[in-house]
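Worksheet for the structure shown next.
Every read-out reported here was derived from the displayed coordinates using simple, explicitly stated rules and does not represent laboratory data. Bear in mind the structure is a predicted one, so any value in this text is a computation, not a measurement. No Cβ is skipped: glycine too gets one built from the backbone with ideal geometry, and neighbour counts run over all protein chains shown.
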Amino acid sequence: MTDINRRTLLQGSAIVAGLSAMGTQAKAAVPAGRDAFDYEVQRTEQEWRDLLGDDYRVMREGKTEKQFSNPLWANSTPGDYYCKGCDLHQYNSALKINLTKGWLFFTASEPNSQLMSQDGRPVMAEDGDPFGVHIEVHCRRCASHIGHILLVEGRVLHCINGSSLNFVEAAA
């Protein structure tokens, strides 16, 4: 049996998550807001559908948007990104990494803006494979699915759905 430390486990998980996200549509194990946590912003399912429209599937059901489907992935304008579900500040453009993979990538989020969860099989699945887990990113205030944390090109990055965010350009 091989010893696996926490760093190796997280790196491996991120690698598999990155490969999975690039090849298939990810989906959250527990839909947004349907866990035991008491979120500040709560709405009925109909209110969420009315507010989010086509973005409901990503933000409330935990789906991943299709690559290159949201123009924010290529945005290089200075400014800030906010949760589309509750307007909580999530990211600053100074921490955005421009990769041509079709999603937004950031090195870090704004402090106290997000919660993380396990998305996928338990850390040590019955077959002994520790790498079937994704780290899912949720908005701390409304539980909306924002994206995942992955190992991409040797860096741990936030891989984010543009459809989960509103962008506000920095004042000139």
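Estimated at 0.36 nm per residue, the fully extended path between residue 167 and residue 41 surpasses their Cα-Cα distance by 43.4 nm.
When you count the other C-beta atoms within 10 angstrom of each residue and take the mean per peptide, 96-103, 79-86 line up highest first as 79-86, 96-103.
I need the calculated FRET efficiency for the pair residue 118 and residue 68, taking r as the beta carbon distance and R₀ as 41 Å, to the nearest 0.05.
It comes to 0.90.
Taking amide H as placed 1.01 Å from N in the peptide plane, the amide H of residue 165 sits under 5 Å from that of 84, each at least 5 places away or on another chain.
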